[in-house]
Amino acid sequence: MTFHYKNILASISVAALLGLGALGTTSCNKEFIDLNDPTRVPTTEGYNDSLSILTAVTAAYSSLQELYGKSSPSNRGIFLYAEVTSDNSFALTSGERLNEFNDFTLVSDNTHLQSHWLATYRAIARCNIVLSRAGAVKLTDATRNRLYAEARFIRALTYFNAVRIWGDVPLVTGEIASIPDAYQFGRVPAEQVYALIEEDLAFAENNLPVTQTAANLGRATKGAATGLLGKVYLTQKKYQQAADKLQPLVTGTTYTLQASYANIFTTANEMNSEILFAVRYSKGGLGIGSPFTNWFLPIAVTAINGGSGSPQQFNSVDPDLVAAFTASGNTDVRAAASYGTGTDSQNRTVYYTRKYIDTPTSSTDAENDWIVLRYADVLLMYAEAINERGGPTAQALDAVNRVIRRSRNLPVATANATVDLPTSTTQATLRDRIELERRLELNMEGHRWFDLVRTERNGTNRAIQVMNAYFARNASTNTIDNHDLLFPVPIQEIQTNPVLTQNPGY
């Protein structure tokens, strides 16, 4: 297998993977390291050549594994915030306090909040090291700007997840050299965070290549920056800007829908024509394998992964998602590719996602990448942006119809009166259909909760509407309100840094 940082990650030192040692900066005292402040990466050597910069960029990429899911350090990943909190999945496991995400009973001392906060600012720190140090290293302007662009893309993606999880967050754009400096970083308004995200992605878009060569396959590209910037605009309800940004991706030829929905997710077809960006993993005992196969499998279906490791039931497909697929009809091929069934010890049917199935070499060492952004997502975002700025157009309907056709194994570029949305489709009808298609098309990929939170119906946040209806259907007394739309800031961070504040309701 040939690719970019999967191979690189296996060869560089553990210190570089952790952002230590090989990513030099000024000396630091042991007290600061012991505080484990996530906004600064403690290192001891200086940058003096291009190799050290390349290693630093690689370490920034490796941070994404920690953010999206890695067994060590013990951060479970984005699925806790984006799927378990939604009507798509639930955590069927004891211990670990995953139920707090599932039931909206989160307490600010939950260790998963703390580990995700640390992983977030560790990733940002690694990006900031590249951005602050690469200027002094002898590189061509084109190479330096490309490396800057990769670091800024990673930083933007990291901040985008952070601002959607916590809202206002500390905005750190440079290296932190001392404890007093670290204590100056309180939370800033989300608007300021989004402004930096937009600036980072605009720079990345202008300085990243359209494609990456085989040796660098998976590094950020111009299309990845463009697509992510479109999503950032859409999240802020900047519909015209989102439509304008996404339109070249929709009409271009760089990315295309895979003919088979199931083929998107096979480990033999990674970084296929539909993938704009993915967090990459590689099994084989290198320390960079993905944990999702066993993390997501229910105990009842151990045979599906060859018996390697122990299923954890951290992220099980909810029957509510299965019901949504059933309602979409037997011709929707996404159902079979999305979930499988098993029987537990009490002869009850259980469901698991098929998007992360592999045969791990050990319990947390599988091959599956985490797809962050793909072309079907772009098509649906583009249609949504157009629809929200003034209602359906032929372009918006075509974008949705292409996704629908593929879901029925029909040629995506050919109109089909049987499944296509009619030209008479109203804005409200298209709005609901896009929401449904996003749920079915992108299920278990880390989008559902964030999609609900950023939308509304009749002046009420859509997450509140959908989740309260979900709880009622399941005879649960749980309800959510506005305060649940953001997650609590880890109490450990507030106790360490007195300028940090807590989100309301926690």
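Beta carbons closer than 7 Å, at least 6 apart along the sequence or on distinct chains, pair a first residue in the stretch 468-487 that is more than 19 Å from Glu456 (Cβ to Cβ) and open to solvent by less than 40 Å² (accessible area, probe 1.4 Å) with a second that is in a helix (DSSP H, G or I) and not charged (D, E, K, R) for Phe487/Tyr81; Phe487/Leu113; Phe487/Ile165; Phe487/Trp166. With respect to Ile197, determine if the residue is at pLDDT below 95 and either in contact with a helix residue (DSSP H, G or I) (Cβ under 9 Å, 6 or more places away or on another chain) or in the same structural domain as Leu54 (by the TED database) (or both). In short, no.
Of the residues making up the stretch 283-301, those that are crowded, with 18+ Cβ neighbours inside 10 Å and part of a loop (DSSP other than H, G, I, E, B) number 5. Filter the stretch 66-78 down to the residues that are part of a helix (DSSP H, G or I) and at pLDDT below 95 and list them by number. Answer for the stretch 66-78, where residues must be part of a helix (DSSP H, G or I) and at pLDDT below 95: just Glu66. Filtering the stretch 360-416 to residues that are of a type in the set (A, V, I, L, M), open to solvent by 10 Å² or more (accessible area, probe 1.4 Å) and more than 25 Å from Thr266 (Cβ to Cβ) leaves Ala394, Leu397, Ala415.
Regarding Ser52, is this residue of a type in the set (Ser, Thr, Tyr), in contact (Cβ under 8 Å) with a residue 12 or more places away in the chain and crowded, with 24+ Cβ neighbours inside 10 Å?
Judged against the criteria, Ser52 is not a match.
Based on this model, can you work out whether Thr158 counts as at negative phi, outside the structural domain of Gln313 (by the TED database), among the polar types (S, T, N, Q) and open to solvent by 10 Å² or more (accessible area, probe 1.4 Å)? Spelling it out, it is not the case that Thr158 is at negative phi, outside the structural domain of Gln313 (by the TED database), among the polar types (S, T, N, Q) and open to solvent by 10 Å² or more (accessible area, probe 1.4 Å).
Among the numbered conditions (1) open to solvent by 50 Å² or more (accessible area, probe 1.4 Å); (2) without any contact (Cβ under 8 Å) to a residue 40 or more places away in the chain; (3) under 14 Å from Leu379 (Cβ atoms), the only one that Gln247 does not meet is (2). Residues in the stretch 313-354 that are acidic (Asp, Glu) and open to solvent by 20 Å² or more (accessible area, probe 1.4 Å): Asp320, Asp344.
Cβ-Cβ contacts under 7 Å between residues 6 or more apart (or on different chains), taken from a first residue in the stretch 377-398 that is free of Cβ contacts under 8 Å to residues at least 40 places away in the same chain to a second residue that is open to solvent by 10 Å² or more (accessible area, probe 1.4 Å) and assigned to a helix (DSSP H, G or I), are listed as Gly391/Gln427; Pro392/Gln427. Against the list (1) under 25 Å from Phe160 (Cα atoms); (2) buried (at least 18 other Cβ atoms within 10 Å of the Cβ), the condition Gln240 fails is (2). With the requirement that a residue be open to solvent by 30 Å² or more (accessible area, probe 1.4 Å) and either at pLDDT below 95 or part of a helix (DSSP H, G or I) (or both), what does the stretch 161-178 give you? Arg164, Glu175, Ala177, Ser178, listed by residue number. Taking the listed residues Ile264, Ile304, the one that is within 30 Å of Ser362 (Cα to Cα), in a helix (DSSP H, G or I) and at pLDDT 95 or above is Ile264, with no other qualifying. Every residue in the stretch 480-495 that is under 22 Å from the mean Cα position of the chain (by Cα) and part of a loop (DSSP other than H, G, I, E, B), please. Listed by number, the residues that qualify are Leu486, Phe487, Pro488, Val489, Pro490.
Scanning the stretch 179-233 for residues that are crowded, with 22+ Cβ neighbours inside 10 Å and outside any helix (DSSP H, G or I) yields Leu208, Arg219, Ala220, Thr221. In the stretch 417-444, of all residues being among the β-branched types (Val, Ile, Thr) and under 22 Å from Ile264 (Cβ atoms), the one that is most open to solvent (accessible area, probe 1.4 Å) corresponds to Val419.
The values are calculated or read from the model by the stated rules, or taken from the named source; none is laboratory data. None of these values were measured; they are calculated from a predicted model. Reconstructed Cβ throughout: ideal geometry from the backbone, glycine too, with neighbour counts over all protein chains shown. Note: accessible area is taken over every heavy atom of the protein model, side chains too, but ligands, DNA and RNA are not part of it. Shrake-Rupley method; radii C 1.70, N 1.55, O 1.52, S 1.80 Å.
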